[in-house]
Every structure is written in structure tokens, then in C-alpha cells.
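Some notes on the structure that comes next.
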């Protein structure tokens, strides 16, 4: 008769309950759609130039020298617009990631596009025709000669 009775079980310990809770939380975050959502959040915060990029402006007597730190960016991703009283530096970052299996079948494709721009006001007009730009090792340097005003005599 004692063979038919259920086995006496002890209540789970606090450690066992915590382990079960921890495994269920890990499972919850590892399964779609939560996993994809969490990856998107990670990608957002690891994206380059989330809050812009550092720019330094030197206002010298004859010219402005503007430097921008753009590590990891290719020269063809940078666009510079020079006006008499401002400069706009725009960086476009496009990334396409494709996940394939062993048979070269596409399993997933992820595409991201980010555009960041900084506009720097200039207090003295510049000669946009004589402006020069150089991009080396992640550092963009702009040299913008200032326009010289004309003095006139009063008669």
C-alpha cells in the first residue's frame, strides 16, 4: 500500500527558487521578440556619434582651423558644406549585416543608417573658394581663410 502513496517532497530551498527564477529570466531575454529588442537597444547605444562628434575651432588672425575627431569613418562618408559664416560637417554611417548558414542561405539581414551633422558658426566671413580639408587617421582638419574687409578713406 505504501508503494501507491506519493513520495514525500521537501519544499524547494531558497537557492533552488532563485536558480529557477534566474533561468526563467535568462530564457525570457534570450527568446524572440525580446532578444531582438534588446539587441536593437544595444546597437543604438553603441552606434557611432550618438551625441555628435567632438569639434575644436581655432580662431586665428588670418584663418579658422577646425578639427573634428571621426574615428572609424571613411573619407567618403564625410560631407562638408562651407558658407561665408558657417561650416556644416555631416557624417553618414550605413551598415548592412547579413547572417547566412553553411549553404549560403540568408537567415537574417539587418541594415542601419545614421546621419550626424554639426554646424559651426563663424563670426568672420570666410573665403570658401580657398578652403582646404584633410582627413588622416580619423582626424578631419579644415583650414578656412578669413575674408579681408576693405578700409576706405573718408573725404
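What follows is calculated from the coordinates using simple rules that are stated; it is not laboratory data. These numbers come from a predicted model, not from an experiment. Note that we place each Cβ from the backbone using ideal geometry, even for glycine, and neighbour counts take in every protein chain shown.
Some observations on this one:
- Residues of the range 123-141 that are more than 23 Å from the chain's Cα centre (by Cα) and in a loop (DSSP other than H, G, I, E, B): 123, 124, 125, 127, 131.
- The residues of the range 82-103 that are over 11 Å from residue 120 (Cα atoms), touching a residue at least 40 places away in the same chain (Cβ under 8 Å) and assigned to a loop (DSSP other than H, G, I, E, B) amount to a single one, 84.
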